[in-house]
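Each value in this text was obtained by applying a stated rule to the coordinates, not by laboratory testing. Remember, it's a predicted structure, so these values are computed and weren't measured experimentally. All Cβ positions, glycine included, derive from the backbone under ideal geometry; neighbour counts span all protein chains shown.
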Amino acid sequence: MPLFTKETAAPASPAPRAVPVHIAAIMDGNGRWAVKRGLPRKAGHAAGAEALRKVLYHCRDIGVKYLTVYAFSTENWKRSEEEVGALMVLLKKYLIEAIDSMEREHIKLYVMGDLGRLSPELRALSDRALEKSRTVEGMQLNVCFNYGGRDEIVRAARKYAEDFAAGRAGALDEALFSAYLDSADIPDPEFIIRTGGEQRTSNFLLWQSAYAEYWFTDTLWPDITPADFDRAIAAVGRRERRYGGAK
Ligand code: IPE
Ligand code: IPE
Ligand code: MG
């Protein structure tokens, strides 16, 4: 058997897999979208929220079980008070709307991140959304707000250490540690979409992305459409995932 054999035919690309269980998205580019139009950055965030609504319903309709979106990072507090305030208002709007419509739309809502720095009003709304979600059958939207992957890991480590010291937890392994993360009980995302042209994680789902496929696009988040999601799903579905194994 020669070491190198000439390929006689291009390898057939694998058939696209079924719909992913869990898609995550770094919704980037809202600010640039607004600036290009001579609008304040907050107008970009409002447009981004509308784009999210469309792709969320689309994901539900095609059978995606979890959509996790990065809405506000632990680093985004560095922005102007006006912009941070506008993002808080949008979260409030989204939570109120979700509480009202989740039964009808069959979409649960869960906020991931350190909610301790949010206003009591936002925390109460997030609790209500979570409470109501327990009675809803359907897909789940996870909104990452004041979320940082490193922060999530540190919070989980602290909680585990407390439980261990109190004799409530045994020896640590990956499965047990996962249960302390905000994403406990949620399967890891098959892939992560990042819009807006940057190719970095910006502290998103550091633990959960260990074997996620990344899909990057220059499209700014407010311009993203369900058709872009279909393209991403098809492209990622053709990739071969080896998880460290060999063919
Ligand atoms: C992403 O859009 C949304 C948040 C980070 C809140 P940006 O606001 O980062 O938009 P660009 O990257 O400045 O265009
Ligand atoms: C990542 O976008 C955070 C969110 C989309 C919420 P950023 O715009 O904050 O990331 P960097 O600064 O380009 O890395
Ligand atoms: Mg950005």
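Things to note:
- Unique match (being in contact (Cβ under 8 Å) with a residue 12 or more places away in the chain, surrounded by 13 or more Cβ atoms within 10 Å (Cβ to Cβ), of a type outside the set (V, I, T) and under 23 Å from I26 (Cβ atoms)) among G138, G197: G197
- Annotation: D185 fulfils all but one of (1) closer than 30 Å to D61 by Cα; (2) more than 18 Å from the chain's Cα centre (by Cα); the unmet one is (2).
Okay, residues lined up against (1) assigned to a helix (DSSP H, G or I); (2) within 15 Å of the chain's Cα centre (by Cα); (3) on the phi > 0 side of the Ramachandran plot; (4) in contact (Cβ under 8 Å) with a residue 60 or more places away in the chain:
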residue: W207; (1), (2), (3), (4): no, yes, no, no
residue: D218; (1), (2), (3), (4): no, no, no, no
residue: P222; (1), (2), (3), (4): yes, no, no, yes
residue: R231; (1), (2), (3), (4): yes, no, no, no
residue: A235; (1), (2), (3), (4): yes, no, no, no
residue: E240; (1), (2), (3), (4): no, no, no, yes
residue: Y243; (1), (2), (3), (4): no, no, yes, no
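- Pairing residues of the stretch 150-177 that are more than 25 Å from E75 (Cβ to Cβ) with residues that are of a type in the set (D, E, K, R) and surrounded by 10 or more Cβ atoms within 10 Å (Cβ to Cβ), at Cβ distances under 6 Å and at least 6 apart in sequence or on separate chains, gives A169/D163.
- Which listed residue, of E190, E213, is of a type in the set (D, E), in contact with a Pro (Cβ under 8 Å, 6 or more places away or on another chain) and crowded, with 17+ Cβ neighbours inside 10 Å: E190
- Of the residues making up the stretch 167-190, those that are under 26 Å from I233 (Cβ atoms), away from ligand 2 (no atom under 16 Å from the Cβ) and not aliphatic (A, V, I, L, M) are S178, S183, D185, P187, D188, E190.
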